[in-house]
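Colleague: What follows is a structure written as structure tokens; I'll ask about it next.
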Amino acid sequence: MSIARDIMTIVGVSAGVFFFLAGTIGLLRFPDTLTRLHALTKADNLGLGLVVLGLLPQAGSVRDGLKLISIWMFALLAGATVSQLIARTARQRGPFT
Amino acid sequence: MSIATLFEIVLAAVVLGLAIWTITVSETYSAAVGFVAYGLLVALIWVRLDAVDVAMTEAAIGGGLGGIVLLGAAARLRESEAMTAERPGRVVRLCAAALSASIAMVLAVAVLILPDPAPTLAPTVISNAGATGLANPVTNVLMAFRAMDTMLEKVVLMLAIVGVWSLASDQAWGGRPGPRHEADPNGVLAFLARLTPPAGIVIGIYLLWTGADHPGGAFQGGAVLASMWLLVIMAGLADTPPVSSRSLRLILVAGPGVFLVVGLGGLCFGPAFLAYPVAFAKPLILGIEVAMTLTIAATLALLLAGAPERSATR
Amino acid sequence: MSAVTVFGLCAAAAVGVGLYGLITNPQPLRKIIAFNLLGSGVFLLFGIIGRRGAAAGSGNDPVPQALVITGVVVAFSATALAIALTLRLFETAGSMTLRSRAPTGPNSDPSAG
Amino acid sequence: MTEFLTGAVGLILAILALGLVSILRGPGDADRMMAAQLIGTAGIAVLLLLGAVTGVPTAVDVALILALLATFASIAFVKKGLSRLDTDGPG
């Protein structure tokens, strides 16, 4: 059982790290605001989400697991709102690179 | 070299690089952004040093709210930056660099030759924990062993808010701080500001409650509550209260007031000022903390909102 | 090299960087930021000393921790007061120096605050 | 397991430093905001992993505070930072 948990952690955290890396490289390399925003949301939502998913098997209790999930939920909410606001401004003003 | 040490060196290097960038960057707004990131990373260092209580305070108040108040001022003063371009001459800068470097060197040497074994009060604190019934040693120090400091700190917060309010112009005297935020009531921001605060308030209360036995407490809970209140204000769902409001002022003095009453009670019925009767120590401390959390939340939020700018009637 | 040494040197350097910024930056807001950096370096030194005094049952001496928590809150309130003073200074003095610009009235910037 | 998680912490920290580079470069305010958002999320991830590595379960509480404050800070960033671009719709 413990090996299965560890494998899930390793897979989840590795995938999360990969998405963080991809998102950051996108933020650095993509040409304009909207595409960079696209890259950011991958790192934000999937990166943190997969790290949380990977850490869930290691959580000691149900309460700790719920805390982990609610952290991800907060990050999702904030990310979605901020992306919308930035994107709307970008579209109104034209790409402000 | 172990992988943990490598991690620590990378973290310290990133923190230092960010500090240097924050000092040298030309735009104040960028410096404020850098400061927020710096606060976040310093919180990581505190977790690494096993001081989770401080990490929470640093994340919430030092980097979080402190960074935002700097950010707001920087955004507002942005246009005026060009006129104060006068930098000190090379001699002054060289002298300053020499002075700073020598002070940093002295501190570094002091860190390297700290006495061994280190002086510590931790065993004393832990062995006396039974007197209050609280398991978190930091809360014990804050609320019982050095309660006087904490009480006076509340007074400092109150003085700060009085100082900020007294900077209002004549027509805004006693009015509402900050601009009125208008937002689309069906927009994304309003949606976020309706969805987050209920959960945030629960977390604030949880932090206060868990502070008795685990890291957390009135400051951290209060900071979370303050940020939720400001989120609602920024989304335009509520307005800042006029600072002449009586109920607001009552909340602002509740924390130090309750603290003072309990302290005087110790003087009248017990051996000394702020001496808690052992049987009631825990409920008394929790009562003070509840009042303090409300006061801290209101004070932090109003400090962030700044001096009154509009008259109360508008 | 232990965590104490690494972060201790980092804290000492942060104090130096903050002091340099405090002296050389001409704008008041930048001085406030530099002062906060300096302060966080001093707080970290407290943390280092507390870490060395760790005892069984706590990873860090609670007394310096409590001092730092008090210090962080006081530093925040001092920062907020200093910023309010700076903004007020700009409101009264700034508009006088900048004749060509419109004075920054309280309602000209709808989202600041 | 600890080794792996510490390695992951180090990697995310390095990525975070990369994100800092993009804050430093700018060029626009929007990019600064995005980078700050990314740094906040990466910081939360580092905290969660650090809590698992060092066996300090309360690090999750720090991450919880950070997540809430980051929500608030992002909105403050956008509202204050975009004010110069005089947005009329979302602002």
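Read-outs: derived from the displayed coordinates by stated rules, not from any lab. The shown structure was predicted, so the numbers you read here are calculated from the model rather than taken from an experiment. No Cβ is skipped: glycine too gets one built from the backbone with ideal geometry, and neighbour counts run over all protein chains shown.
Colleague: How far apart, in nm, are the 7 Å Cα→Cβ label points at B:Ile201 and B:Cys95?
Modeller: A separation of 5.6 nm, rounded to one decimal place.
Colleague: Starting from the 7 Å offset along Cα-to-Cβ, what nm value, one decimal, do you get for the label separation of B:Ala110 and D:Phe4?
Modeller: 4.5
Colleague: I need the phi-derived Karplus couplings for the range B:88-105: 6.51 cos²θ - 1.76 cosθ + 1.60, θ = phi - 60°, integer Hz, Gly and Pro marked x.
Modeller: In residue order, the calculated couplings are x, x, 5, 4, 4, 5, 5, 4, 4, 4, 5, 4, 4, 5, 5, 5, 4, 4 Hz.
Colleague: Could you tell me which residue out of B:Ala238, D:Leu13, B:Pro137 lies farthest along the dipole of the protein assembly as shown toward its positive end? Charges go on the beta carbon: Lys and Arg +1, Asp and Glu -1, centred on the Cα centre.
Modeller: In the protein assembly as shown, that residue is B:Ala238.
Colleague: Positive end of the charge dipole of chain B (Lys, Arg +1 and Asp, Glu -1 on Cβ, about the Cα centre): tell me which of B:Val253, B:Val14, B:Ala301 has its Cα farthest that way.
Modeller: The residue sitting most towards the positive pole is B:Val253.
Colleague: Rounded to the nearest 500, what is the 222 nm mean residue ellipticity of the protein assembly as shown from helices alone, with -39500 (n - 2.57) per DSSP H run of 4+ residues and division by all residues?
Modeller: One gets -23500 deg cm²/dmol as the mean residue ellipticity at 222 nm.
Colleague: Let me ask something else about it. Looking only at B:Leu207, B:Leu167, B:Leu294, which one moves most when chain B is put into a Gaussian network model with springs between Cα atoms under 10 Å?
Modeller: Sorting by GNM fluctuation, first place goes to B:Leu167.
Colleague: Right, here's the next one. Charges only on Cβ, +1 for Lys and Arg, -1 for Asp and Glu: so what's the dipole of the protein assembly as shown about the Cα centre, in debye to the nearest 20?
Modeller: Charge dipole, the protein assembly as shown, about its Cα centre: 1000 debye, nearest 20.
Colleague: Points 7 angstrom from Cα along the Cβ direction at C:Ala93 and A:Met8: gap in nanometres?
Modeller: Placing both labels 7 Å along Cα→Cβ, they lie 6.2 nm apart.
Colleague: Other chains near B:219-229: what is the mean number of their Cβ atoms within 10 Å of each residue's Cβ? Mind showing how you got there, number by number?
Modeller: On the way: counts 5, 5, 1, 1, 5, 5, 0, 2, 9, 3, 1.
Mean number of neighbouring Cβ atoms from other chains: 3.
Colleague: Here's something else I'd like to know. Treat the count of other C-beta atoms within 10 Å as a stand-in for reagent exposure and order B:Arg93, B:Arg176 from fewest to most.
Modeller: Details: B:Arg93 14, B:Arg176 22.
Starting with the residue having the fewest Cβ neighbours, the order is B:Arg93, B:Arg176.
Colleague: Hey, how many Å between the Cα centroid of the range C:37-70 and the Cα centroid of the range B:200-254?
Modeller: Here the answer is 26 Å between Cα centres.
Colleague: Explain nothing, just compute: Karplus ³J(HN,Hα) = 6.51 cos²θ - 1.76 cosθ + 1.60, θ = phi - 60°, for every residue of the range B:281-292 in order, whole Hz, x for Gly and Pro.
Modeller: 4, 5, x, 4, 4, 5, x, 4, 5, 4, 4, 5
Colleague: Let me have the relative contact order for chain B, percent, based on Cα pairs under 8 Å that are six or more residues apart.
Modeller: The normalised contact order for chain B reaches 20 percent.
Colleague: Rank these for me by crowding, A:Thr81, D:Thr41, going from fewest to most other beta carbons within 10 Å.
Modeller: Listed from fewest to most nearby Cβ atoms, that is A:Thr81, D:Thr41.
Colleague: Once phi is turned into ³J(HN,Hα) by the Karplus curve 6.51 cos²θ - 1.76 cosθ + 1.60 with θ = phi - 60°, what whole-Hz value does each residue of the range B:47-63 show in order, with x for glycine and proline?
Modeller: Residue by residue, the range B:47-63 yields 4, 4, 7, 6, 10, 5, 4, 5, 4, 4, 5, 5, 5, 7, 9, x, x Hz.
Colleague: Still on this structure, I have one more. How many partner chain Cβ atoms sit within 10 Å of a residue's Cβ in peptide C:39-50, on average, as a whole number?
Modeller: Working: counts 2, 11, 5, 1, 7, 9, 3, 2, 10, 5, 6, 8.
Going residue by residue through C:39-50 and averaging, the value is 6.
Colleague: Relative contact order of the range C:3-93, please, whole-number percent, based on alpha carbon pairs below 8 angstrom and at least 6 residues apart.
Modeller: Result for the range C:3-93 is 26 percent.
Colleague: Which one, B:Ser100, B:Ser26, B:Ser169, has the greatest fluctuation when you compute a Gaussian network model over chain B with C-alpha springs under 10 angstrom?
Modeller: Among B:Ser100, B:Ser26, B:Ser169, the largest GNM mean-square fluctuation belongs to B:Ser100.
Colleague: Follow-up question, since we're still on this one. Springs between alpha-carbon atoms under 10 Å, Gaussian network over chain B: tell me which of B:Ala104, B:Ala19, B:Ala74 tops the mean-square fluctuations.
Modeller: B:Ala104
Colleague: Along the charge dipole of the range B:32-191, Cβ charges K/R +1 and D/E -1, which of B:Ala51, B:Val156, B:Ala75 sits furthest on the positive end?
Modeller: The one lying farthest along the dipole's positive direction is B:Ala75.
Colleague: Can you compute the charge dipole magnitude of the range A:2-93 about its Cα centre, using +1 on each Lys and Arg Cβ and -1 on each Asp and Glu Cβ, nothing else charged? Give it in debye, rounded to the nearest 20.
Modeller: 320
Colleague: Turning to a different aspect of this structure: List the residues whose amide H sits under 5 Å from the amide H of B:Glu309, counting only those 5 or more places along or on another chain, with H placed 1.01 Å from N in the peptide plane.
Modeller: Correct list: B:Arg176, B:Gly178.
Colleague: What size of dipole, in debye to the nearest 20, comes out for the range B:129-314 about its Cα centre when the only charges are +1 on Lys and Arg C-beta atoms and -1 on Asp and Glu C-beta atoms?
Modeller: 240
Colleague: Next up: Could you work out, residue by residue across B:172-178, how many beta carbons of other chains sit within 10 Å of that residue's beta carbon, and then give the average as an integer?
Modeller: So the per-residue partner count for this stretch is 1.
Colleague: May I pose another question? Using alpha-carbon pairs under 8 Å, 6+ residues apart, how would you state the relative contact order of the range B:129-314 in percent?
Modeller: 36
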